[in-house]
Each structure stands twice: as structure tokens, then as C-alpha cells.
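The values are calculated or read from the model by the stated rules, or taken from the named source; none is laboratory data. All values derive from a computational prediction rather than experimental measurement. Cβ placement follows ideal geometry from the backbone for every residue including glycine, while neighbour counts extend to all protein chains displayed. Areas reflect the complete protein model, heavy atoms only, side chains present, ligands, DNA and RNA absent. Shrake-Rupley method; radii C 1.70, N 1.55, O 1.52, S 1.80 Å.
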Number of protein chains: 2
Amino acid sequence: MGTPQLTKNQSLVMGALAHSDGPMSAYTILDKLRDHGFRAPLQVYRALDKLLEYGLVHRLESLNAFVACTCPHEHEHDHGVTAFTICEGCGQVTEFHDEGIEQRLSALVRAQSFKTEKTTIEIRGHCKSCA
Amino acid sequence: MGTPQLTKNQSLVMGALAHSDGPMSAYTILDKLRDHGFRAPLQVYRALDKLLEYGLVHRLESLNAFVACTCPHEHEHDHGVTAFTICEGCGQVTEFHDEGIEQRLSALVRAQSFKTEKTTIEIRGHCKSCA
DNA sequence: ATCGCACACGTTATAGCATAACGCAATTGA
DNA sequence: TCAATTGCGTTATGCTATAACGTGTGCGAT
């Protein structure tokens, strides 16, 4: 259950995200890849679906945008919950993980007999430079 | 800086959300309020903007939808971070608050000299009944 | 009083995000 | 060989959100 070889489209989308210094919307990605033959949103969304499944990309719900995963791990099995700070000034996104939060959330959720499938934590604000 | 008297449109939108048993999209609200004279999305979005500002309503980023705040409210000033569990089965949304998470997030964010403006925590999964 | 301002409102149009539904091609495994 | 799966390309459509215009109303300052 490692990450399979990426297809051409998946690689192109992954590349676009990896070389961007911030999150991109699906349509922005589409525009960046028109020279490589992309013509329709679905080409992007289908690739993104797989990349999300493989854990190579994260979706930022509060932006309707996507970022490459910055984890050094390079592979598989959830590093548990992923959280993000998102700067409204410069658009910079920082990914981080914390056991403490994870455990605390886990306990709270268990208390209501809720079964977690996906956790979204996004903090909007201003980074050090943009404060 | 308490909550001012709501306007007619704001009251209608608030009522629609309060009497719903789950989150609603802006367009669903629009449809529910057509009989009351609503004709365009902006009427809903403008009311929602104010209700969000007053803290009477929350936006669920992962659903692009809105719910009435379930806090025993009656007043102002942030109860800090709001988190939600969202059941994929029945659509039920539960709002909760936790000092521990808040402090932990606050510390992590401070460590990167980030200034928080809004925090989103949404947990998708299945509730007890839908497990 | 009336002017200026802030604010809610109404309408039309448009922008931005996401998926449905069709068909084709290549791969795999029974 | 056949059926099942997966990725791909295209067209069309649907859902979410805002821009830009103008109207009306209340209210404080001059």
C-alpha cells in the first residue's frame, strides 16, 4: 500500500504543486498545465483525487485550494492529524503535526462515540513577516 | 458591541438555520426563503455575513454550509475556538469547545510567531448511530 | 432643515469551484 | 477471450460566491 507510480497527469499536477510556493486552486493548476496538454478541470481534479489518496497533497478547505505535503516522511501511513497556518497576507501555508492535539481531539471525539475519518485544522491569520 | 437587533432578512436566515436540524448551504436557505420574498443569493450571503460576525452562525468550511450556533449564547466574546464533528451518514453536526486544544494550538502557533485570526476545526466521520 | 454618511436592500451579471455522463484505450487476471 | 478495472479526454452542467450598479432609509453634524 505504498505510493504507486504516478501517471503522467498525476506527475504534472504534483510537479505544479511542488514547485509552487503556496496553495493553488484546481483552476490555477489547470492554467499552469495548459501548455502540457491540459484542457479541462476534470483532468486536474482526477489527478488531485489520487494525490490526496496517496497523501502527497493536502486540500485546504477554507481556501478551496491544494498544497503539496511538506512532510519529510515521503511515505505512507497517516502521520495522524495535519494542521495548517495560513497567512492572509503573503499566502504562505505551514503544515504541522502535534501529538497533543491529536490525543485531545481523539478523547473528545471518543466521548461522543464518534468515529473520525478525517480531521481538518486550519488557522487563518498573519505570519511573522506580515504581522 | 452586543448583538444588535436583527434586520428582517437576517432574522429570516437565522430562523431557517435555527429550525433546521443540520447545516444548510446558502442556496438551500435561499430556496427555503423564496416564499418570504428572497430572490437572489446575495440576500442570503449578506445576512449570513452579519450573522457570522455576531457569532450567531458558524460556517462549515468542509461543507460550504452554515449552522446556527448551539452555544447557550446570549452573549458576545469568543468562547475561543469552536470545533465540530460532522457525521457523513446523517449529516448531524455537533459543536464543541475545549480549553486544552485551544491552549495547545495557541502555543504551537505562537512558536512560529503567527497571529491567529480564525481557527477552523472540523472532524468528518460517523456518529454513534451511523457507525 | 438638509446635507452627508452609513447601512441594508434589490437586481443583474459574472466569476470561481466541482462533478455528471458519455465514450475510448490500455492493462490485468480469470 | 472475456470481463473488470483504471486512466484518459470531452462536453455540459451544477453549485458556491462575489462584483457592480442603483435605491431607500435613518441619523448625526453643520
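Structure notes:
- Search result, residues across region B:77-104 that are open to solvent by 50 Å² or more (accessible area, probe 1.4 Å) and over 30 Å from B:His19 (Cα atoms): B:Gln103, B:Arg104
- Positions within region B:43-53 being surrounded by 18 or more Cβ atoms within 10 Å (Cβ to Cβ) and either near DNA strand C (Cβ under 9 Å from one of its atoms) or closer than 17 Å to B:Thr119 by Cα (or both), in sequence order: B:Gln43, B:Ala47, B:Lys50
- Enumeration of residues in region A:1-45 that are of a type in the set (Gly, Ala, Ser) and out of contact with any helix residue (DSSP H, G or I) (no Cβ under 6 Å at 6 or more places or on another chain): A:Gly2, A:Ser11, A:Gly15, A:Ala18, A:Ser20, A:Gly22, A:Ser25, A:Gly37, A:Ala40
- The number of residues in region A:114-131 being closer than 19 Å to B:Glu99 by Cα and part of a loop (DSSP other than H, G, I, E, B) comes to 0.
- Unique match (being modelled with pLDDT under 95 and more than 23 Å from A:Thr119 (Cβ to Cβ)) among A:Asp35, A:Asp21: A:Asp21
- Candidate set: region A:21-42, residues that are of a type in the set (D, E, K, R) and more than 10 Å from DNA strand C (Cβ to nearest atom); chosen: the one surrounded by the most Cβ atoms within 10 Å (Cβ to Cβ): A:Lys32
- Selection count, region B:122-131, where residues are acidic (Asp, Glu) and either more than 7 Å from chain A (Cβ to nearest Cβ) or surrounded by fewer than 15 Cβ atoms within 10 Å (Cβ to Cβ) (or both): 0
- B:Val57 being hydrophobic (A, V, I, L, M, F, W, C), within 10 Å of DNA strand C (Cβ to nearest atom) and either within 14 Å of chain A (Cβ to nearest Cβ) or surrounded by 12 or more Cβ atoms within 10 Å (Cβ to Cβ) (or both): no
- Among residues of region B:90-104, those that are within 9 Å of another protein chain (Cβ to nearest Cβ) and among the charged types (D, E, K, R), counted: 2
- Total residues in region B:105-121 satisfying the condition of being open to solvent by 20 Å² or more (accessible area, probe 1.4 Å), within 7 Å of another protein chain (Cβ to nearest Cβ) and closer than 21 Å to B:His58 by Cβ: the figure is 4.
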